[in-house]
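What follows is one structure encoded as structure tokens, with my remarks underneath.
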Amino acid sequence: MAKLPQDRTERVREPIRIGVLNGPNLNLLGRREPHHYGTQTLAEIESLLRDRAGADDVSLVFFQSNDEGEIVDWVQANTASVHAWLVNAAALTHTSVALRDALAGSDRPFVEVHLSNVFARESFRHTSLLSDLAIGVIAGFRASSYLFGLDALVQHLRGGAEAGAE
Ligand code: DQA
């Protein structure tokens with residue numbers, strides 16, 4: 001069977017650079033359905049992630065778009081400069097073959113995150129077109145999902161812990 005990107009990860013010894021990808025409607029975080037997504041804005045989540053990443057000598061490049069094509073373009077344009085992705089594809093998680101193909105084509109490992117527990121919601125959210133390519137999936141911890149996802153990704157890239165390193 002073909003090896004998945006997560007199986008191909010080699011231990012990264014140089015400073016790590018991660019692309020943080022946010023899909024449609026995540027620009028509205030803070031005021032969008034706070035019972036599902038919490039009250040923190042995307043800018044606040046970015047700031048939390050930057051603080052955590054800085055402590056680990058990791059640099060982050062952020063992107064949010066409501067447009068599937070722009071997201072695919074961004075993945076293509078940034079692949080050469082990142083080691084991995086932290087992905088909240090939002091609704092595109094459940095629909096986008098194009099994003100799946102872009103991430104697979106990048107040959108970079110990624111962690112899929114969701115603010116809400118998608119499995120406790122409508123059944124169409126139980127399907128992800130990304131999960132089987134991901135190192136792992138973290139859902140339901142609001143903004144902390146991103147922080148847990150970042151920790152898992154860094155551990156995976158450094159090759160120092162169990163996370164995805166079997
Ligand atoms: C989401 C869950 C998706 O089902 C939804 O379309 C989103 C956000 C989350 O973070 O919980 O926009 O990815």
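A short reminder: the numbers here are calculations on the coordinates, not readings from a lab. What you see is a predicted model; the values in this text were computed from it and never measured. So basically every Cβ, Gly included, is an ideal-geometry build from the backbone, and we count neighbours across all protein chains shown.
Going through region 71-165, which trypsin sites (Lys or Arg not before Pro) have at most 15 other Cβ atoms within 10 Å and a DSSP loop state? Numbers along the way, then the final one.
Numbers: sites: Arg100, Arg121, Arg125, Arg142, Arg158; in loops: Arg121, Arg142.
Qualifying residues, ordered by number: Arg121.
About the Cα centre, and with charges only on the beta carbon of Lys, Arg (+1) and Asp, Glu (-1), how big is the dipole of region 14-158? Nearest 20 debye, please.
Details: 11 positive and 17 negative charges, 69 e Å.
Computed about the Cα centre, the dipole is about 340 debye.
Let me have the relative contact order for the chain, percent, based on Cα pairs under 8 Å that are six or more residues apart. Could you put the intermediate results ahead of the total?
Details: 293 pairs, mean separation 46.8, N = 166.
28 percent.
For His114, what residues show an amide H to amide H distance below 5 Å, using hydrogens built from the backbone and excluding near sequence neighbours?
For His114, the qualifying residues are Ile138, Ala139, Gly140.
Summing +1 for each Lys or Arg and -1 for each Asp or Glu, what net charge is found among the other residues whose Cβ lies under 14 Å from the Cβ of Phe119? Display every interim value, and only then the final one.
Values: positive: Arg121, Arg125; negative: Glu112, Glu122.
Local charge sum for Phe119: 0.
Between His35 and Ser81, with labels modelled 7 Å along Cα→Cβ, what's the label distance in nm to one decimal, could you check?
4.2
Rounded, prolate or oblate: which fits region 108-150, taking a ≥ b ≥ c as square roots of the Cα gyration tensor eigenvalues, rounded meaning a/c under 1.5, else prolate when a/b beats b/c?
Values: a/c = 3.35, a/b = 1.15, b/c = 2.92.
The shape class here is oblate.
May I ask for the equivalent-ellipsoid semi-axes of the chain, computed as the square root of five times each C-alpha gyration tensor eigenvalue and listed largest first in whole Å? Mind dumping the intermediate values first?
Working: eigenvalues 102, 67, 48 Å².
Semi-axes from the Cα gyration tensor: 23, 18, 15 Å.
In the chain, if the dipole is taken from +1 on Lys/Arg beta carbons and -1 on Asp/Glu beta carbons about the Cα centre, which of Gln64, Leu42, Trp85 is farthest to the positive end?
Selected residue: Leu42.
Pop out the Kirkwood hydrodynamic radius of region 74-132 from its pairwise C-alpha distances, inverse of mean 1/r, in Å to one decimal.
12.0
Find how much the distance from Val61 to Glu14 grows on full extension, using 0.36 nm per residue of separation minus their present alpha carbon separation; answer in nm with one decimal. Walk me through the intermediate numbers first.
Details: separation 47, 0.36 × 47 = 16.92 nm, distance 1.66 nm.
Full extension of this stretch gives 15.3 nm more.
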